[in-house]
1. Can you find, among V40, I68, V90, the residue farthest towards the positive end of the dipole of the chain? Put +1 on the C-beta of Lys and Arg, -1 on that of Asp and Glu.
2. Which ³J(HN,Hα) values in Hz, rounded to whole numbers, follow from the phi angles of region 64-76 under the Karplus curve 6.51 cos²θ - 1.76 cosθ + 1.60, where θ = phi - 60° and Gly and Pro get x?
3. Which longest uninterrupted range of the chain lacks any trypsin sites (Lys or Arg not before Pro) assigned by DSSP to a loop state (not H, G, I, E or B) and surrounded by at most 14 other Cβ atoms within 10 Å?
4. Please get the size of the charge dipole for region 48-127, origin at its Cα centre, with Cβ charges of +1 on Lys and Arg and -1 on Asp and Glu, quoted in debye to the nearest 20.
5. What list of ³J(HN,Hα) couplings, whole Hz, do you get for region 12-24 from phi and the Karplus terms 6.51, -1.76, 1.60, once you set θ to phi - 60° and write x for glycine and proline?
6. For I122 and S33, compute 0.36 nm times the residue count separating them, minus their Cα-Cα distance, and round to one decimal in nm.
7. Could you size up the charge dipole of the chain around its Cα centre, putting +1 on the beta carbon of Lys and Arg and -1 on that of Asp and Glu, and report it in debye to the nearest 20?
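Readers should treat all values here as calculations from the given coordinates under stated rules, not as data from a laboratory. Keep in mind the model is a prediction, meaning the values are calculated, not measured. Here the Cβ positions follow ideal geometry from the backbone for every residue, glycine too, while neighbour counts run over all protein chains shown.
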Amino acid sequence: MAEPTREPGREPRATSSGPGRVLIAVYAIFALSATARAGVQIAAKFSEAPVAYLLSGLAGVVYILATIGLAGRGPGYRRLAWGAVLFELVGVLVVGTLTVFDTGDFPDDTVWSVYGRGYGFIPLVLPFVGLWWLRRTSAKG
């Protein structure tokens, strides 16, 4: 899903405007919680489930990048947001599916395990909302 081309004379709306502020706040909360969770898990018990803890760390970085991209202004920030949110969607779908069908490889949960079950499935819904908002605020709206 690539960003649509702009219509002449029509600039994209800032992703940080209106409801975008709430979306950015949710991404920031997930950035903080996923990064803190991964940090504690990696520091305290890395050998128990290294793949799960590294995936939680990756999710935290993706949420940080999405937050920065959505909060920033300009085409570079918008591209960052598109990339981070698309990566997030693929991550939650792949990790979610793997953790449903192959629980043995994941002795502990990641942020994206079972499609974000431990976080009320918000990690599954969030990238769809993010992509919708990026599309809605694009030049074509």
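1. The Cα lying farthest towards the positive end belongs to I68.
2. 4, 5, 5, 4, 4, x, 6, 7, x, 10, x, x, x
3. 74-139
4. Using only the charged Cβ atoms, the result is roughly 600 debye.
5. Values per residue, Gly and Pro as x: x, 6, 4, 5, 8, 9, x, x, x, 4, 5, 4, 4 Hz.
6. Gain on extension, I122 to S33, equals 30.8 nm.
7. 800
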